[in-house]
Amino acid sequence: MIASRAVGSSSVLISRFFYSVSWFNISPALIPLEQEFHLTLGEVGIALTMFLVGAGIFQVPAGILATRIGAKRTALLGLYMMALFAILSGVSANFSEVIASRFMTGVGAALYFSTAIVLLREIYPERVHTLIGYYNASYNLGASAGIIIMTPVVALFGWRFDFILTGVLTAAAAIFMQAVIRHRVKYGTISIAKIRSRVTDRRVWIIALGVLGVWSMNYTLPEYFKSFGAYVGLPSFTSGVLGGLIPLAGVVGGILASIFVRLRPIRILTMIGILLGILVSSIAISPTVLYWPILSVTGLFATVAISLEYSVIANYESEPEYIAVSIGLINSIQIGLGSLVPLIFGYLTHYGFSYAWFFLGIFCIATLIFFIPFRTLKIGSDQNPA
């Protein structure tokens, strides 16, 4: 039983890896897309935003769907959609088709994300906090691969092969997960009133809005750093490695996140948000030699922060069938509002990357104001933090 549970949870972590490749494999393709379709970097950024729009809009519906058909089926549906539309991105005839395919890839991401966390809890409930850390570590490994590995792939075979290869590998991961996970929880009658109570839960909204700046930074920074590297004259591969270093350092952050699980998460999240805002802003004025430590520390602590917010939800939710709804709401808020950040960042680069970095750092700190009512919230506390 333990062995089968280990294989099942491992298959989720593997699928999480390829899921995250689809988030970041567009980073090495930004400049080739800009050149092929005669666009500006800000216009190419629309593809980043539309992916996030698709992922954001369908987070809560994905959670509701999971309560109806189960976490396994919903997560698999999302993976197969991501695989299909990644391939369609690679065969797009024009940039409008790229945008549409990226939007639908985002919809598939929404169906997968929170339901896969529920699936981990169903398979291994006693290790859910540790597995959430590994889950985010897998995301960061995949994000790093999407940037570092796909940089030479794009250079050698073009941006289209990048998307097609990602789609094929994602489909293979979905098939493996479908084959090895036989464990399926059947829920009882789903209460619309309970779904409504989760969607309107003030705690969820405050946590989501408080971490919004960190989440937006964690997506925007690695997506644009390769383009920034070209702007400041770094070699293409070095820029790709630096961009991939952010999520790669997050692998360590995902593993270390369990250390903070018994502490006061809001206090920890506030300190992390301030630190990250300062570090990101400093990119604008730092020499290139400092990019390595800045990006390493940023990637590590960003993943600690995101792992903490998911642990909060997984811990205080007493009915597992509704976890996907609560986590889906967090993602919907952060992705929906955060989708504007890479778009704004891209347009600010017209005036110089310094303005863009200062904007990103200030935004990372600014959203922490939402934590003011929840300074004493503790993971593991039975008290209502509101």
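Quick check for me: using +1 on Lys/Arg Cβ and -1 on Asp/Glu Cβ, what's the dipole size of region 2-374 about its Cα centre, in debye to the nearest 20? Can you show the working numbers first?
On the way: 21 positive and 13 negative charges, 237 e Å.
Using Cβ point charges on Lys, Arg, Asp and Glu, region 2-374 gives about 1140 debye.
I need the phi-derived Karplus couplings for region 267-283: 6.51 cos²θ - 1.76 cosθ + 1.60, θ = phi - 60°, integer Hz, Gly and Pro marked x.
5, 5, 4, 5, 5, 5, x, 5, 4, 5, x, 5, 5, 5, 4, 5, 4
Can you find, among 48, 67, 107, the residue sitting farthest towards the positive end of the charge dipole of the chain, where Lys and Arg contribute +1 and Asp and Glu -1 at Cβ?
The listed residue farthest towards the positive side: 67.
So if we plug the beta-carbon distance of residue 68 and residue 200 into 1/(1 + (r/R0)^6) with R0 = 25 Å, what FRET efficiency do we get, rounded to 0.05?
Working: r = 20 Å, r/R0 = 0.81.
The calculated FRET efficiency here is 0.80.
Select from 145, 214, 77 the residue farthest towards the positive end of the dipole of region 2-374; place +1 on Cβ of Lys and Arg, -1 on Cβ of Asp and Glu, and compute about the Cα centre.
The residue sitting farthest along the positive end of the dipole is 77.
Tell me which trypsin sites (Lys or Arg not before Pro) from region 199-275 have a DSSP coil assignment and no more than 16 other beta carbons within 10 Å of their own.
262
Relative contact order, percent, of region 2-374 when contacts are C-alpha pairs under 8 Å separated by at least 6 residues?
Numbers: 683 pairs, mean separation 104.4, N = 373.
Relative contact order for region 2-374 comes out at 28 percent.
Give, as a single signed number, the net charge of other residues whose beta carbon lies under 12 Å from the beta carbon of residue 96, with Lys and Arg counted +1 and Asp and Glu -1.
Working: positive: 102; negative: 43, 97.
That works out to -1.
Give, in whole angstrom and from largest to smallest, the semi-axes √(5λ) of the equivalent ellipsoid of region 1-140, with λ running over the eigenvalues of the Cα gyration tensor.
On the way: eigenvalues 195, 45, 27 Å².
Gyration-tensor ellipsoid for region 1-140: 31, 15, 12 Å.
Note the full-extension length gain between residue 369 and residue 94 as 0.36 nm times their separation in residues minus their Cα-Cα distance, in nm to one decimal. Mind dumping the intermediate values first?
On the way: separation 275, 0.36 × 275 = 99.00 nm, distance 4.19 nm.
Here the segment from residue 369 to residue 94 would lengthen by 94.8 nm.
What list of ³J(HN,Hα) values in whole Hz, one per residue of region 23-32 in order, does the Karplus curve 6.51 cos²θ - 1.76 cosθ + 1.60 (θ = phi - 60°) give from phi, with Gly and Pro shown as x?
Using θ = phi - 60°, the values come out as 6, 10, 5, 6, 4, x, 8, 4, 5, x Hz.
Is it possible to state the helix-based mean residue ellipticity at 222 nm for the chain, with each DSSP H run of 4+ residues giving -39500 (n - 2.57), the sum divided by total residues, to the nearest 500 deg cm²/dmol? What is it? Walk me through the numbers before you get to the answer.
On the way: 18 runs with 299 residues, N = 386.
Using -39500 (n - 2.57) per qualifying helix, the result is -26000 deg cm²/dmol.
Read the figures in this text as sums done on the coordinates, not as results from a lab. Just so it is clear, the structure is predicted and the values come from calculations on it, not from any experiment. Heads up, the Cβs are rebuilt from the backbone with ideal geometry, glycines too, and the neighbour counts pull from every protein chain shown.
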